[in-house]
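Report on the structure given below.
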Amino acid sequence: MSVELDVFVGNTTIMDQEVYQLWLSGYTVGDAVKVRMDGGVLDGCDASAEVLRSDTMDQFRTFQMCERLLHNPAKLANQLLFQIPPDRQAMLIDRYYAFDDAFVREVLGKKLSKGTKKDLDDVSSKTGILLKSCRRQFDNFKRVFKVVEELKGPLVENIRQHLLLSDRLARDYAAIVFFANHRFETGKKKLQYLTFQDFAFCAGELISHWTVGAMDNQLEDMDVDLDKEFLQDLKELKVLITDKDLLDQHKSLVCTALRSKTKVFAEMEASFKNLSRGLINIAAKLTNTKDVRDLFIDLVEKFIEPCRSDRWVTIDVNLYLTHYINSAHILDTFKHQAVWNSLWDELFKMLTDIQHVTVCFLVKMGMVASGASAAAEGTRATAASSEEPVPVHPTQFTTSISFSFRDMLNVGCRAWPHSG
Amino acid sequence: MPGKLKAKIVAGRHLPVMDRASDLTDAFVEVKFGNTTFKTDVFPKSLNPQWNSEWFKFEVDDEDLQDEPLQITVLDHDTYSANDAIGKVYIDIDPLLSSEAATVISGWFPIYDTIHGIRGEINVLVKVDLFNDLNRFRQSSCGVRFFCTTSIPLCYRAVVVHGFVEELVVNEDPEYQWIDRIRTPRASNEARQRLISLMSGELQRKIGLKVLEMGGNAVVGYLQCFDLEGESGLVVRAIGTACTLEKLSGGGATNNAQHTANSSPSKDMKESPKACMSGCRSSHSSPVHGAASRLAQSFSVSYPTLLFSGMGSGGSAGKEAGPLKILLRQQTQTALEQREFPFFTLTSFPQGFLLHVAGVVSARSVKLLDRIHNPDEPETRDAWWEELRQEIKSHARALGCHAVVGYSESTSICEEVCILSASGTAAVLNCRFLQDGCLDVLSEHRCDDSAPPGCGFCHVPYDELNMPFPAQLSPCCCCHRTKVPDVLFTTIDLPTDAQVTGKGCLIQARLCRLKKKSQGEGNATCISNLLPFLEYELHTQLLNKLKLCGMNALFGLCIQISVGENMLVGLASATGVYLSALPSPGGIQIAGKTPNDLTYDQHVSSIQRKINDTIVKNRELYEIHITEVAEDVIGSPIPEPRQRSRLFRSHSESSDELSELDLSHGKKDAFVLEIDDTDAVEDLHSLLTDAPTPPGFYSCNTEIMPGIYNWTSAIQMFTSVRVFRLNNANLTNLGLNKIFNELCENLLKSLYFKLRSMVPCCLCRLNFTVAVPEDELIQVAVTAVAMSFHKDQTQEANKAAQAHSQMKAIAETEEQLQFPLELNAESASPLSPKGSGPQDGSNSHGRAPSVDYSSFADRCSSWIEQLRLRAHTIRRGSIKTSSSPLPEGRSRSLRSTRSFPGSSVSVVKMTPLSFIPGAKIVKYLGIINMFFIRETTSLREEGGVSGFLHAFIAEVFAMVRAHVAALGGNAVVSYSMKECVFMENPNKNQAQCLINVSGDAVIFTRESDQEGHLPQTSHPQPTEDTPP
């Protein structure tokens, strides 16, 4: 005796959010039934595990049939097969495109190719996220990438419109697409302390200031590609470190401004040339794709780590960079070359971005420092205070908290012992 | 008589990729009607083609308009090889042929292919120009309206109810033709779909002709069925009730209508104090029709509860009645006797129509199928049904009734054996509705009986000494004046004015019987020998379960018997209620065969205790609080001497007449069930294993659930199908029964679990269908609607508990649709729903954040619906009033804004009920009657049998919704899935399924924006009716 066939179809498609989440997490029907049982669905119902199994099967089947539509969310709204209320549709789409931060951290900046997909089982065992779920998330990245690849106009807006995603998800996907496109290196050990949201913030900054779309709004071109011309122009900054006079002049300007404003003034003065060289070299090399990829690792190695070893705090870095940029502005060379002014403004914008980015990175570092001297211990602290890496139990619905830059700054300041 | 059919192909979307190389499709469309075909241009390289074709015009006879569907085929153009078909759409033109139904069909239709299912959608516009002379239609039957609803449709009034119409057409099944050997299954399935569509059209036309002959203008309770007789052919048959309907609509006419609607029921109630009651009578005849010989068997079965004994006492009942009644009856009788079959497929009636209800009459016969030689003269099939109907008619006569209501017919086919079944409820009707002019005669004879309304139809019209058949009668518990029977079984819905105590519940009797595998005549004989036992046991089970629930009447009784190769499966479903007028049911008495054995006695008494506890619990559950007489029954399980004798008496009587069938119950003192007996153990088992419905759930198989009236607008229609494989070849009857019982119980449990978010809710019109598709398979399909209601209010109402007022409230809600004034009031405030929408949302959230997400969503969509509708009605209005091309353009634009990609699809509700809670049906757009076949040769890849069927049912729903939306409707009422034939061949990785669905497409509007959102403020109409 066995049930050979068992289906339930409602005129309005019945979907249980909890079961949907289990399905998305890649559970098999059997495991999902177990999780549901443990979750106590049957409490108060006069129903057996068999009933639960049948219900789970039905819903999994429904989701499978919906999946085809979810690949093209616009279709979901005007398909006829399933009658789903609009708010439910939005829920389906958002959850389908939601991803685990632990997972995205693993593939961020990697080429969304078949090769990467083959390595997903490693990612799966590393993160504890089931392979099926990894595949879905990876395919989502790839799908979004493909959709916006050829589109013109602002990236986030494109994603929101074509995939009907929420603002937050659209922003995150923009970051993923941007990183994948430039293949930024994010996997190095030194970058491990950074969460996806940290990178997403950086991506947001870069998209809004460094890309072709950002440079020329009239052009209505892609947001994905960095502005080549701009990168070329960055080479001009080299004068700041190659011209001995300028370098000295710059240093004295910065030092004058900083004197008595910070406790680490001595260290700043001592390392000015090193840091300046580091920053300007990174900027000047960005015409090479390879160096673009290494942007973040370079920033950490050439700027953040020296700062950290000198025990700077976030405010110090912020101050230093602000004055570094302002002073460069008033350097004589630039003053007299009015023609260049607009260009330099832009270059400084880049530096400001770098400032933002580095500060962002430093905030993280700051936490490390605040935790203790031992870096390892600190990393754990970072992990705990940031949002996710602990694989979340799939039954509770993961809602990631969106960090704004300012929030992070605040958190960082509070965590920093010397800042008060 | 030509009419002009015009079709325009606008666009397609979501088409499948037909050209792998380019990932695109070069689509074009063939539009075919009759023998004429038009083609659109090829729209190259697009999955969202915009054909925007010219108007294709077909000049055709209106006969063809009725018979033929419009066939739309979407193809992929291929320069070198044959064009590939993407899929098809069949559009039934019938709704456009009546001036009162839809005026245009326009919308996105799913493109359907029997192998691939839905493959994209196509936007089509269809119109019909008929040259306005209504008389012209008399030639064919254009303009006759069809309704699946088994009551008078809500915005109509029945002027005359003419009576029974039936017709059947036969054809060869394309699947069994010689050509099937060389063509693909796909081609043959398509041929089948086309043929059945054609046959349905023809059938409707023929029935329409009969209606016109009778002077009617509509068929209500239209029931169309297919018999897939395999090699012997394909039969499409239909029955219905011809009526003359009058639309209730604005202006002076409505005042009139309202007047009649208001005044007549009260009169009628006074007119109908008398009812004659009998039990059930079923007969079963099985003239086995073979090629060589003809053997005929015939016998009658009466059940223990049946108060009717013997046969052939037809027509005697009338004589005992008083002179007035005789007169009344004679009038009606003459009105009815003009008809061959005084049958009515309706299950609920205008007030005053139904005078007496007498009990269930049913007849079955077993036939051997043979080839239909001449499809144009389907004499054998006609004769078979004629025989059966005659039998039903004579049963009704024997019960002293001249009419049969709630009449239905069904078949079950296995190989070449076919069981034909017909059943209904014998009743006495008021002739007022049957004939014009009767009204005046009747008013003279208005009787002055002051019996309270609500118990009248249960009253027995004759005095105890002079009964036409031995029955257990007792004084009516409502008025104490006349006698009533102790149990009442019917196939109809609960009359709206009936007095009910507490709530109702679904009662099912389930039974399997093994049968030897055999062939031909032997098989037929074997089946016809088994049938009466099966029916008898189903009946006993029903009665016991009814008593266990503490109830005394069954409504909506439907007994299905399905035949398989090696078993017979019987499933009887009904809704049990406690009619206040009928006496309280006695307890169930257990007795052992060896009364002196002590341990045995203990065993017996423990079972007895269990049963008594269950009865008490059930009374609590269904809120059956009985005063006076009832108490001693609950108090003492052992009946008082009087009751005891009664139980015994009815029992012994039955065993007398059943002596040739079943002696197992024997003649013992004061017992009902004897547990030594295997049958009794079985009965007991099934009695006690039925799980009660979980808290917050109620269930019934009728339209109305007594005791619940404050529905929310949250409804969820669903279909669930299960197939069970019996692996064990050596099953006993007992084991088989247990399995079948569990299958049904588990299915119900699953439903309750699935719908737990809708609690408190009621599963209404639970319609079970059983089939035995293969040797060891049992298939159960359920279609029902879950409707949630406001809990707090029910409780309150229970305390105030006047069952009568509750029932009245329901009647009121239904009736309300007949007051057009409210309609106007509502359309006058078009903006109010919008304003209140968000507020409603917050309210419902504040009240119960944990539950009922769906109802909230439902509400939101409901006012969207409303707004949409408004736009829609405006458009419709403009089309009707002027025929200039201008409004047409306007309508197009309005419509297209709705259906262009990006905008969401309009919501279409589906329900097996004839109404939508909290809404008014403002227009019936036409009948939906669709037939689909789906097949696969990659069963595993499509998710196995479950995946395959799940997708198919979802597709069927989608196609029904699309057709309704295209007619301009937003709901299907009286929806039913009449056929779901599933066949599989897992070894070949193949499966095939046929589904036939039907219903009425309607437009509804929400009653008002404040409707039932705040529990405190939203005591809707019932408050007015609650007595102080």
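The values are calculated or read from the model by the stated rules, or taken from the named source; none is laboratory data. Bear in mind the structure is a predicted one, so any value in this text is a computation, not a measurement. Positions of Cβ are generated from backbone atoms using ideal geometry, with glycine treated the same way; all protein chains shown enter the neighbour counts. All accessible areas refer to the heavy atoms of the entire protein, side chains included, with ligands and DNA or RNA removed. Shrake-Rupley method; radii C 1.70, N 1.55, O 1.52, S 1.80 Å.
General observations
- Computed E for B:D613/A:K146 - FRET, C-beta separation, R0 60 angstrom, nearest 0.05: 0.35
- Reduction of at least 50 Å² in accessible surface, 1.4 Å probe, comparing all protein chains with the chain by itself, residues of the range A:6-26: A:V7, A:F8, A:V9, A:N11, A:I14
- Compared with the alpha-carbon gap, the fully stretched path from A:T256 to A:S309 is longer by 16.8 nm at 0.36 nm per residue.
- Cα gyration tensor shape for the range A:1-156, rounded if a/c is under 1.5, else prolate or oblate: oblate
- Accessible surface of the range A:17-83, 1.4 Å probe, proportion on carbon and sulfur as whole %: 50 percent
- Accessible area buried at the A-B interface, both sides summed, 1.4 Å probe (Å², nearest 100): 4300 Å²
- A crude spin-label estimate for the pair B:K988 and B:D775, with each label 7 Å from Cα along the Cβ direction, gives 1.7 nm.
- Residues B:A383 and A:D139, FRET efficiency given R0 of 41 Å [Cβ-Cβ distance, rounded to 0.05]: 0.05
- Summing Lys and Arg as +1 and Asp and Glu as -1 over all other residues whose Cβ lies under 12 Å from the Cβ of B:A962 gives a net charge of -1.
- Accessible area per residue, Å², the range A:101-215 with all protein chains present, probe 1.4 Å: 41 Å²
- Phi angles of the range B:516-522 translate, via the Karplus equation with coefficients 6.51, -1.76, 1.60 and θ = phi - 60°, into HN-Hα couplings of 6, 6, 7, 10, x, 4, x Hz per residue; Gly and Pro are given as x.
- Coupling constants for the range A:5-16 follow from the phi torsions by the Karplus curve (6.51 cos²θ - 1.76 cosθ + 1.60, θ = phi - 60°), and in residue order they are 9, 7, 9, 9, 10, x, 5, 9, 5, 8, 9, 9 Hz; glycine and proline get x.
- Centre separation in Å (Cα based) which lies between the range A:53-103 and the range B:144-185: 38 Å
- Backbone N within the range A:106-133 under 13 Å of label point (7 Å from A:R183 Cα along the Cβ vector): A:109-116
- Applying 0.36 nm per residue to the separation of B:R183 and B:E340 and subtracting their alpha-carbon distance, the gain on full extension is 52.0 nm.
- Measuring heavy-atom accessible area with a 1.4 angstrom probe and counting protein chains only, the residues of the range B:731-753 that give up at least 50 Å² relative to the chain alone are B:K749, B:F753.
- At 0.890 mPa s and 25 °C, Stokes diffusion of the range A:101-215 via Kirkwood alpha-carbon radius, µm² per second: 170 µm²/s
- Taking amide H as placed 1.01 Å from N in the peptide plane, the amide H of B:V357 sits under 5 Å from that of B:C276, B:V428, each at least 5 places away or on another chain.
- Placing dummy labels 7 Å off each Cα toward the beta-carbon, the span from B:K57 to A:K114 is 5.8 nm.
- Farthest positive-ward along the range A:17-83 dipole, Cα basis, beta-carbon charges - from A:Q79, A:V51, A:Q21: A:Q79
- Where labels lie 7 Å past Cα in the beta-carbon direction, separation of B:I115 and B:K4 in nm: 4.0 nm
- Residue-normalised accessible area of the range B:67-112, expressed per residue, 1.4 Å probe, Å²: 29 Å²
- Residues in the range A:68-93 occluded by at least 10 Å² - accessible area, probe radius 1.4 Å, against chain by itself: A:K75, A:A77, A:N78, A:Q79, A:L80, A:L81, A:F82, A:Q83, A:P85, A:P86, A:D87, A:R88
- Applied to the range B:69-84, the Karplus parametrisation 6.51 cos²θ - 1.76 cosθ + 1.60 on θ = phi - 60° returns per-residue 3J(HN,Hα) values of x, 7, 9, 10, 10, 9, 10, 9, 6, 9, 5, 9, 10, 5, 5, 8 Hz, with x for Gly and Pro.
- For B:I86, the residues 5 or more places off, or on other chains, whose built amide H falls under 5 Å of its own are B:V74, B:L75, B:D76.
- Three-way shape call for the range A:17-83 based on the alpha-carbon gyration tensor, with the a/c threshold at 1.5: prolate
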